[in-house]
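**Q** Before anything else, here's the structure in question.
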């Protein structure tokens, strides 16, 4: 889960194999290397739903991505059930079961986890295998394997899980697409990404997109400049970050941007 941090935090791992069900408490200082061995074993099929955030966590832990993965969200989209469906929606459409989402937004980092939450958590994996069998049959019957392989290959592209500050500007919402402004935004967005990941804070909690746009527009180089902008980020009231940003703004000005 990811709430007030840059990096998603691992709370529990739910696994089901045949009739065997288990929930692993990852906050109990357990050795997770056996889980990694399963992930890397290409003879073991891992059936998952929208695992991007999970894979981010495991890549950060083990520097490798899972092998032999079947993502039911990708497959459901290819099979015309609908794109980017939630797990509960897929369960409803394929298994005709209703998944109670009451505990979806609960604090899964809080201990102990109550019995109702544990029951909800195990249902997250209970229907994966029957859903897989239905979707895999549809893919096979309709010659959709190549399209599925193409999309799963994209999901497992390791570049997706490496922090690339040079591309951070693409995640910023702004309207000025002039070459000069984009150049400034690339510099400022890279700075935001570096700092946010260093202090493990969501990028927009560190500096909002709107504030980043203002900084690119006005290039503040002094405390007075920052105060005139009336920025709301509490981090931009700290001298450390003002100085770093002012240095970047001065460098941009010296280049004549």
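Just so you know, all these numbers are worked out from the coordinates, no wet-lab data involved. In this text the structure is predicted, and so the values were computed from the model without any measurement. Quick reminder, even Gly has a Cβ in these numbers, built from the backbone with ideal geometry, and neighbours come from all protein chains shown.
**Q** Considering the range 72-160, what Rg and Dmax in Å follow from its alpha-carbon atoms?
**A** According to the Cα coordinates of the range 72-160, Rg and Dmax are 15.4, 47 Å.
**Q** How much length would be gained if the chain were fully extended between residue 53 and residue 214, taking 0.36 nm per residue of separation minus their Cα-Cα distance, in nm to one decimal? Don't skip to the answer; put the middle values down first.
**A** Details: separation 161, 0.36 × 161 = 57.96 nm, distance 3.06 nm.
Computed gain between residue 53 and residue 214 is 54.9 nm.
**Q** Along the Cα→Cβ direction, 7 angstrom out, place labels at residue 2 and residue 17. What is the inter-label distance in nm?
**A** Placing both labels 7 Å beyond Cα along the Cβ direction yields 2.9 nm.
**Q** Let me ask you something else. For the range 1-146, build the convex hull from the C-alpha positions and give me its volume per residue in Å³. Walk me through the intermediate numbers first.
**A** Details: hull volume 19.3 nm³, N = 146.
Taking the convex hull of the Cα positions in the range 1-146, it is 132 Å³ per residue.
**Q** Going by average Cβ density within 10 Å per residue, which order do the peptides 226-233, 189-196, 119-126 take, highest to lowest? Numbers along the way, then the final one.
**A** Working: 226-233: 14.1, 189-196: 21.0, 119-126: 17.4.
My ranking of the peptides, most packed first, is 189-196, 119-126, 226-233.
**Q** Grab the beta carbon distance between residue 143 and residue 63, set R0 = 35 Å, and tell me the FRET efficiency rounded to 0.05. Let's see the in-between values first.
**A** Values: r = 36 Å, r/R0 = 1.03.
Efficiency computed from Cβ-Cβ geometry: 0.45.
**Q** Another question about this same structure. Where the centroid of each part is defined by its Cα atoms, how far is the range 178-241 from the range 107-174 in Å?
**A** A separation of 32 Å, based on Cα centres.
**Q** Return the calculated 222 nm mean residue ellipticity for the chain, to the nearest 500 deg cm²/dmol, obtained by summing -39500 (n - 2.57) across DSSP H runs with n ≥ 4 and dividing by the residue count. The partial results should precede the final answer.
**A** Values: 12 runs with 124 residues, N = 257.
Using -39500 (n - 2.57) per qualifying helix, the result is -14500 deg cm²/dmol.
**Q** Taking the 0 to 90 degree range and rounding to the nearest ten, how far is the long axis of helix 239-254 tilted relative to the main principal axis of the chain, both from C-alpha atoms?
**A** Its long axis makes an angle of about 70 degrees.
**Q** Can you give me the angle between helix 128-141 and the longest principal axis of the chain, using Cα atoms only, in degrees from 0 to 90, rounded to the nearest 10?
**A** 90
**Q** Which residues does a label at residue 43 reach in the range 57-71, if reach means a backbone N under 19 Å from a point 7 Å past the Cα toward the Cβ?
**A** 66-70
**Q** Continuing with this model, one more query. Quick one: what Rg and Dmax do you get for the range 165-254 from the alpha carbons, in Å?
**A** Taking only Cα atoms of the range 165-254, I get Rg and Dmax of 11.9, 32 Å.
**Q** According to a simple spin-label model (label point 7 Å from Cα along Cα-to-Cβ), what is the distance in nm between residue 115 and residue 163?
**A** With each label placed 7 Å out from Cα toward Cβ, I get 4.2 nm.
**Q** OK, next. Could you work out the percent of alpha carbon pairs in the chain separated by over 24 Å, rounded to a whole number? Present the calculation step by step, with values, prior to reporting the outcome.
**A** Working: 19408 of 32896 pairs.
Looking at the chain, the distances longer than 24 Å represent 59 percent of pairs.
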